[in-house]
Structure formats: structure tokens, C-alpha cells
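J.: Just passing along the structure, written as C-alpha cells.
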Amino acid sequence: MADFFSDLPEGFVAEALALTTPRDASRLSSVNSFFRSAAEWDSVWGSFVPPERLAKADGGPGSLKEMYLRLCDHPIIIEDGNKSFWLDKCTGKKCYMFAAKQLSIALVNSPNCWRWTSIPESRFTEVAELISVCSLEVSGKVNTSILSPNTTYAGHLVFKTTAEAYGFEYRPVEVCMGDSTNVRMVYLDPEAQNRRRLRSKRRIGIFGRLALASYSEVPSPCEDNCPKQREDGWFEVEIGEYCYSMGGDEVEEVEISVMEVKRGNLKSGLIIQGIEIRPKNGV
């Protein structure tokens with residue numbers, strides 16, 4: 001077997017590796033020294049870097065493999081500082097975060113409701129901090145032309161809460177990605193799972209029955225609908241998922257929304273960095 005590989009032109013093997021995935025190329029490079037040498041070629045890793053990013057990737061000189069790894073570990077800021085881009089290390093799929101400035105936030109220009117502020121732990125220059133609103137309405141659109149084809153993407157709201165945050169305890173919000181039939185309920189309270197579960201009080205008469213019915217529609221906090229803390233210190237909660245298949249020249253806009261407009265209670269203390277779009281489970 002070693003003689004067979006040694007008789008192959010290294011460039012031929014490099015071209016074959018370029019047709020695989022970053023994970024496969026890395027695994028094959030551990031098989032023997034011949035694959036290891038071919039896997040270092042720029043033609044291999046250049047095939048995993050989107051052409052529009054080859055000239056813009058930050059980090060200085062180096063091989064295309066080094067550039068690829070930089071794009072995986074260090075997101076670059078694009079579109080006037082309102083979007084970040086990076087690659088999924090295993091698959092090479094495109095990932096994005098849309099800054100709060102790129103989202104549509106109801107009443108965001110009202111100083112009594114929201115304010116734009118800067119915090120050092122954000123990758124963007126400004127984040128949106130909720131001062132006080134009754135109705136929370138955050139939405140955005142993703143043009144499928146920027147996504148990797150044949151990929152299932154998941155959208156995540158990336159946020160923090162202040163020490164004085166209120167209005168999200170025991171009250172989930174509605175989130176949706178894509179078709180409006182994909183609405184689900186999630187919690188934005190990082191302590192939702194640690195708080196007591198919602199329990200209805202016993203009531204008498206028709207109003208009591210209506211109250212019980214409304215409680216039954218509220219899901220209990222669990223791992224799937226509660227925020228998870230990220231390595232960067234922020235929290236994220238999954239909004240939904242969207243499967244993007246290669247569809248010729250067809251381009252769609254996928255709508256993403258986070259809403260709480262039905263209960264009318266005051267809310268405060270939510271800090272939104274943005275909405276992140278990345279391959280679901282690396283596929």
C-alpha cells in the first residue's frame with residue numbers, strides 16, 4: 001500500500017483531498033507521511049476558504065491552511081462593522097453573526113425604551129440594551145445567497161442580562177426562523193431552570209377555567225428552551241433552524257424573529273449583541 005501511494009504524484013493526491021472536507025483532509029493526513037505532505041498544499045486549504053474571503057482574511061502572511069484556521073478561530077468583522085464571519089472548523093461551512101444594528105428592533109430609537117451602548121466583551125462596537133418596554137419585537141432577515149449550500153443552519157439569539165433585569169422570569173418569548181409555522185417558545189432568563197416551575201392557582205368559575213387553559217400553553221423551562229452560556233461569556237438560545245439546499249439561481253430571504261407581545265408586562269435589562277447563524281451540529 002505504501003508503494004502504491006508513493007507512486008502517485010503528490011499534486012494528484014492534493015487535488016483529491018481538496019474535494020473532501022477539512023475534517024477528512026486532517027484525518028487522512030494522519031494515515032501516513034505521504035498524505036500528510038499532500039494535505040499541506042495551498043490548493044487543498046484554498047478550496048475550503050470562500051473565494052471572497054481569500055483577500056480579506058486577517059492575520060498576516062502564512063499558508064492557506066493557517067488562513068483557514070484563523071478564519072475558524074478568529075471571526076472577521078465585515079459590512080461596516082455590522083456582521084461577523086467565520087468558518088466551522090470541521091466542515092468549512094460559512095457562519096455569521098448579525099449585529100444588533102442590523103436587526104429590526106421595535107422602539108429602538110426611543111431613549112426611554114432602548115439605548116445603544118458599548119461593552120468590551122462584544123465583538124461589535126455597539127449593542128442594544130433594553131431600558132423598558134411592554135412588547136418585545138426583534139427580527140432580521142438572512143439572504144440565502146451568503147449561506148453554504150446543502151446545509152442545515154440554526155439561528156441563535158446572543159445576549160446578556162443586567163443585574164437589574166426583570167420581566168422575563170417565568171415568561172417565555174416566541175421565536176421563529178423561516179416559515180411562521182415553526183414558532184416555538186423559549187426563555188431569556190438565564191436562571192429559568194433554577195426557578196420554580198409555573199403552577200396555576202386553583203380558581204372557581206369560567207375565569208378559573210380560562211386561566212388554567214392559558215397556563216397549559218406555557219412550556220416548563222428545560223435544557224432545550226433555556227439559555228446556554230457560551231465560551232465567550234454571552235448567553236444564547238436557539239431560535240430555530242433552516243435547511244438550505246442548492247436551488248439553482250433561486251435566492252430567498254429567511255426571516256428570524258424574537259417576540260413577546262401578548263402579556264404586556266414591563267421588561268428591562270436585556271442586552272442584545274446579535275443573531276448568530278451557524279451549521280446545526282456541524283452539518
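The values are calculated or read from the model by the stated rules, or taken from the named source; none is laboratory data. What you see is a predicted model; the values in this text were computed from it and never measured. Neighbour counts run over all protein chains shown; Cβ positions are idealised from the backbone, glycine included. Surface accessibility is based on the protein's heavy atoms, side chains included, excluding ligands, DNA and RNA. Shrake-Rupley method; radii C 1.70, N 1.55, O 1.52, S 1.80 Å.
J.: Calculate how steeply helix 64-73 sits against the longest principal axis of the alpha-carbon atoms of the chain, using the helix alpha-carbon long axis, and give the answer as 0 to 90 degrees to the nearest 10.
T.: With both axes taken from Cα atoms, the answer is about 10 degrees.
J.: Taking H placed 1.01 Å from N in the peptide plane, check which residues at least 5 places from VAL133 or on another chain put their amide H under 5 Å from its amide H.
T.: LYS267
J.: How large is log10 I(q)/I(0) at q = 0.08, 0.11 Å⁻¹ when the Debye formula is applied to the Cα atoms of the chain, each weighted equally and without solvent?
T.: With one equal scatterer per Cα and no solvent, log10 I(q)/I(0) is -0.44, -0.74.
J.: Next question. Connecting C-alpha atoms closer than 10 Å in a GNM of the chain, tell me which of ASP80, ASP42, ASP224 has the biggest fluctuation.
T.: Greatest mean-square fluctuation among the candidates belongs to ASP80.
J.: What is the distance in Å between the Cα centres of the range 122-177 and the range 18-94?
T.: Using only Cα atoms, the two centres lie 29 Å from each other.
J.: Let me confirm the definition first: pairs of Lys residues in the chain, 8 or more apart or on different chains, C-alpha distance under 20 Å. How many are there?
T.: Within the chain, the lysine pair count is 25.
J.: Please calculate how many Å² of accessible area the chain carries per residue, with a 1.4 Å probe and no DNA, RNA or ligand atoms counted.
T.: 55
J.: Among ALA14, PRO111, SER145, pick out the residue whose Cα is farthest towards the positive end of the charge dipole of the chain, where Lys and Arg carry +1 and Asp and Glu carry -1 on C-beta, about the Cα centre.
T.: Highest projection toward the positive end goes to PRO111.
J.: While we're here: Explain nothing, just the number: relative contact order of the chain, from Cα pairs under 8 Å at least 6 residues apart, as a whole percent.
T.: Once divided by the residue count of the chain, the mean separation gives 24 percent.
J.: In whole percent, and with a 1.4 Å probe on the protein chains, what portion of the accessible area of the chain is carbon and sulfur?
T.: That share works out to 50 percent.
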